[in-house]
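Here is the structure we will look at.
The values are calculated or read from the model by the stated rules, or taken from the named source; none is laboratory data. Everything numeric in this text was worked out from a predicted model, so none of it was measured. Backbone-built Cβ (ideal geometry, glycine too); neighbour counts: all protein chains shown.
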């Protein structure tokens, strides 16, 4: 029905959209009086509120709608945002009290709180479904605030607006049908949250949508809950138009594609020019060879499928499910290996992934035997024996993950329960969950699974540290194997804790060795008879990201990336434009390129999606780059770093001498395109004193609030949380960078404000006049942090301590920063400019590989 | 500033995180280290405090450690502490040390009798107020148990054995120069809180409020402080009459005022309404004075901390709450915080879940069923509502519960902390405790039961601990809003029981004056202020203290956490690794180094240009 355009009125045909069903201004006015919510008088602007479209993107359906937030108002107005946000929290608490105590005395403030939030509960605008996304464009009336300045501070995706989600991201759609005689859309939507007329729109089913749909609840895979309500219309001109049904049926058809080539990825044909440096894609034999060298694994060999005649033979190749490149024991002939691999699920017989230590104990991934041959473990024994031969001390430990870790179905169930806790539809539901929160959290099992993964990864890491080869075995070797294997390497190898290293690790363990992303992330809905269509769906990758986040909490200065990076990575799983997380196997990817003319675009090229500003939020201000971490591929970054490393070079003496770091890295890791065979004999270049030993009991873990709670404004601590701490450290780094630059240039005009503040000196506004002013009480300024007790003056305690208050030019107004920053609601204030300054200055230092700030230089 | 300081800090905070009590004197940690190295048990394995004297020592006692199993060693009992140290068996392993101030002990019991057979089944079990139990096994034959038991009883519960608390002996033995030094250095804890100075900071006296010493001899209300701030419109006689209508004469008195808007927080006890619904014209007028003292609002909000059912039930006992009919322009809210008995029971369950062992797979349910976090949430939610009224609506708030010394103190102190950044500094927080808790008569003696063996006394309750926990929760949500760190809060919680300082002794200001605590004991704040470094949060102060100094924490169980650093600290495996703020300190000192360097250069530059009147460029003498 959405595409039927025969009876379209003229005014709609003006639009280039295939089917545009925004109402005429007159249509709405006729009914506006009867509704609780009056449509804005400038409704004709709905026509103008069209979403921004990408090349190849088409609108499938559009309708005017109200978007509303589940609990607290989605608003970014300055000042009042803070108070009304927490007002809602207390309001909720109050209503709960009211229930239990039946007190009518407490109504005063309660109703007040409600009335304050109700008029901001929803935003009116145009809701559109395209072949790429679900987009809501608010109408910029008086009430709605566009605040482009403030939103500048928040993560902005080049392809998606704040009120947009990709169709890929949509997991569940609930339709709320009209019930009785609801007076208005809003009322119906409110009623709907408890009524039985809330119905799930099942993917891959015939959809008979009966009755009028007044509201839609859309639950996204990234924990976002979107709620839309639709105006009822009985227009004399066009008859009854059910906008809800229009959107619902469009979503039912487009959000649950049955084939991958229906994905927007194939429609988006913009060329891609790679600017990617430093990430090993493991798409070539060289990448694997380099990793073998880096780890000092001399008993293993890389096999490329293209060089194996058997795998090129069309008749034969179909029997194997091998990736294009894989690493097997040197002592094993390729033919022998192929023979053996036949016995294992998905042809996954022992693949090498990593070696550690001077004896190069190896980490190996192995699938279980095919169900048919499970009686006969001979093949498995032979395979393990071959692996054992590669170990210097001929020792081997087999960790069977299937028995000890959750199945992918368990992970999916845990995820769904957890998501239910994070997407309450109403304040009442929120409070109900809150009362039993920890018990409910335990019932999800999510943290239990995180704990198990960390425990087994720790076990594997300890095995490798004890110079014993470790084999991870799992049914198909492509799911929890990826989690444990990647975590083990993160624990052992500081290289993987850098951004480039982490990305290389995901490429190696997940992409090159073929975690079935397409099925696990539900990019395609296949209904295979009896099986539920989503039984293959399971956020194994999210489980991994959560484990990494837990490590980041326990070792805040060991990772180059921030939690924002990890959260963004989960979001990126649902961007079909990037191929990284779109396919089950390399073969599938190649087919898509050849047959579907798909443009490959790695997600790691973050500049494709984000501005420089947003990319800066990916780095962790507490990270301490070590001298040993320097990798040649990071050379490109060094051009960004202005101050530090030159200073070091000149301090090291000689000035003109070529940077010693360059020479060191030349031997440590070979350049990208050549492999020096002489290096094959070298030992592992992985530092062995920087492994992590995480705590992994449930009570040591916490809930990843940024990723899971960021769409719940009630949980947003304004002016609190991790972002404030990060900002504090960034300010410190920025100050250090500025001073270093001043020292280097011997020009003291651009010293940071904190410097003058520490001195108790006025920042010289006119350089000449202030020259005479004597810098006073400097020593005292430094010591002040210890000595000074904030005086009795209220309001400005310790304003000069630490020298971190920005005195001149007004204090930084960052107090309303969201605790979900750079997600969450926009903030007020005019700080972006200063924040940008801090960001760029601190990043300069963070990216500086000359290790001017490493531990040794300070202690 | 330099690397050595930060290293010392690190060391200090490391030992501190395990137990603030023994790290409080640096020499004690040094002493124990020395002993470990030599492998000999020295006569004085710890540093004795001033006034601390040996009472008993036994060299053949087994400490039944719940984590490392039974360890054999020596037990020392002084008039301040119980100290056990295992005899080193293997060289590598550090000795097991138990160092508990006797004030922490709630109950001592003998276990096993003459017929006990099993190993380590005959001895003493000690139940502590700080979430741990200790078991010592004695050999039956050498009768060492009896004296240990008796000495413990006598020294842990001196008030039940007509003795005196250690704080007095400690102060009496303290060298006078130390006390004088403290005063001259300005860190004398007894001088931290000056009621009139604090009122002046808030802008009192002003047009609407006055300070009065009406209660100087504690004649009107024996549990209130000597100095009050009250509405100017109320005369002394009038105040006397109002006091009669409030439970225990605790009439509404100013706690805090917003100097900008004049919106106030006042505190009191419940009105004596009773079943018949008595009214009192003076009390009604008095509340209207409080309302009128704030020109910004024509309403007054009463926050009754109790659940409304409890408030109603109190009518039967002659108490109750203000009816909105009788009091004009008043709205009453119930904050649903439960009474001291519920809280005591809740904390008992927390102890059960945390000590000695935990079941990881049932951990969350176990914590959930204690309801501790829900109670904390309620207190936070109540405080946030008060903050919203005072800050956003500029409405004055009156807070009370039944007697106005438990839940009321929690709410007023916490909301003041959220409203006024001064209270988030070390000095300010000390003032806050002195003012809202000590001077307004939170009954510390009763709630803690210092030196008294009635361990099942129904008046005991962790009300103050709950406040410290709430402050910690806020400090977790606003990591850089506080000048002090977690260690500061733990230290306060520890010395709440230790009886080493006079601060938390007695129930009321009147009692403290009568006991002359100011002269006969040392204040905890003296101790803290004299070694401030280890209590400072390196992340403070920051740019958050700009235009919006008001904190609004999230009152949801999703946002509050169990304070493992306090409740679970005895379990060596339970404390997550402390990464601390090492990196922050490094960056801070790096920044300071650079500032210093720049300053030197600029000075040189200035001198040169002054001397030579030319603009010769400096060579680069960096590093």
Revision key, fill the gap. Selection from region B:92-107 of residues farther than 22 Å from residue B:48 by Cβ and surrounded by 20 or more Cβ atoms within 10 Å (Cβ to Cβ) yields B:106
**Study point:** Lone qualifier among B:377, B:344 - being over 30 Å from residue A:455 (Cα atoms), in a helix (DSSP H, G or I), touching a residue at least 24 places away in the same chain (Cβ under 8 Å) and away from chain A (no Cβ under 11 Å)
**Key:** B:344
Check your understanding: If you go through region B:401-428 one residue at a time, how many are in contact with a helix residue (DSSP H, G or I) (Cβ under 8 Å, 6 or more places away or on another chain), in a helix (DSSP H, G or I) and away from chain A (no Cβ under 11 Å)?
Key -> 10
Study note, to complete from the structure: Among helices (runs of 4 or more DSSP H) completely within region A:394-456, the ones holding 1 or more residues that are surrounded by fewer than 19 Cβ atoms within 10 Å (Cβ to Cβ) and facing chain B (nearest Cβ under 10 Å) are A:427-435, A:437-444
Review point. Among the candidates B:326, B:295, B:313, which residue alone is assigned to a helix (DSSP H, G or I), out of contact with any strand residue (DSSP E or B) (no Cβ under 7 Å at 6 or more places or on another chain) and either more than 29 Å from residue B:195 (Cα to Cα) or away from chain A (no Cβ under 13 Å) (or both)?
Key: B:313
Practice item. For region A:269-278, indicate whether the set of residues that are within 16 Å of residue A:514 (Cβ to Cβ) and either in contact with a helix residue (DSSP H, G or I) (Cβ under 9 Å, 6 or more places away or on another chain) or surrounded by fewer than 17 Cβ atoms within 10 Å (Cβ to Cβ) (or both) is non-empty. Key: no
Point to revise | Those helices (runs of 4 or more DSSP H) lying entirely in region B:165-256 with at least 3 residues within 22 Å of residue B:505 (Cα to Cα) | key: B:166-173, B:176-185
Exercise for review: State whether one or more residues within region A:572-595 are surrounded by fewer than 22 Cβ atoms within 10 Å (Cβ to Cβ), in a helix (DSSP H, G or I) and within 12 Å of the chain's Cα centre (by Cα).
Suggested key: yes
Practice item. For residue B:306, state whether it is out of contact with any helix residue (DSSP H, G or I) (no Cβ under 6 Å at 6 or more places or on another chain), touching a residue at least 24 places away in the same chain (Cβ under 8 Å) and crowded, with 18+ Cβ neighbours inside 10 Å. Key: yes
Exercise for review: Looking only at region B:103-153, count how many residues are within 21 Å of residue B:494 (Cα to Cα) and in contact with a helix residue (DSSP H, G or I) (Cβ under 6 Å, 6 or more places away or on another chain).
Suggested key: 8
Review point. Do we have residue B:549 as in a loop (DSSP other than H, G, I, E, B), modelled with pLDDT under 85, facing chain A (nearest Cβ under 10 Å) and surrounded by 22 or more Cβ atoms within 10 Å (Cβ to Cβ) here?
Key: no
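Looking at A:711, A:704, which is the one that is within 23 Å of the chain's Cα centre (by Cα) and surrounded by 24 or more Cβ atoms within 10 Å (Cβ to Cβ)?
The match here is A:704.
Quick check on my filter: what residues within region A:422-434 are touching a residue at least 24 places away in the same chain (Cβ under 8 Å) and out of contact with any strand residue (DSSP E or B) (no Cβ under 9 Å at 6 or more places or on another chain)?
Within region A:422-434, A:426, A:427, A:428, A:429, A:430, A:431 qualify.
Yes or no, residue by residue, for (1) in contact with a strand residue (DSSP E or B) (Cβ under 8 Å, 6 or more places away or on another chain); (2) surrounded by fewer than 21 Cβ atoms within 10 Å (Cβ to Cβ); (3) touching a residue at least 40 places away in the same chain (Cβ under 8 Å); (4) outside the structural domain of residue B:267 (by TED's automatic domain parsing):
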site	(1), (2), (3), (4)
B:436	yes, no, yes, no
B:441	no, no, yes, no
B:461	no, no, yes, no
B:504	no, no, yes, no
B:515	no, yes, no, no
**Study point:** Residue check, residue A:502 within 17 Å of residue A:354 (Cβ to Cβ), in contact with a helix residue (DSSP H, G or I) (Cβ under 9 Å, 6 or more places away or on another chain) and without any contact (Cβ under 8 Å) to a residue 12 or more places away in the chain
**Key:** no
Study note, to complete from the structure: Note on region B:601-623: residues more than 7 Å from chain A (Cβ to nearest Cβ), at pLDDT 85 or above and surrounded by 13 or more Cβ atoms within 10 Å (Cβ to Cβ) are B:601
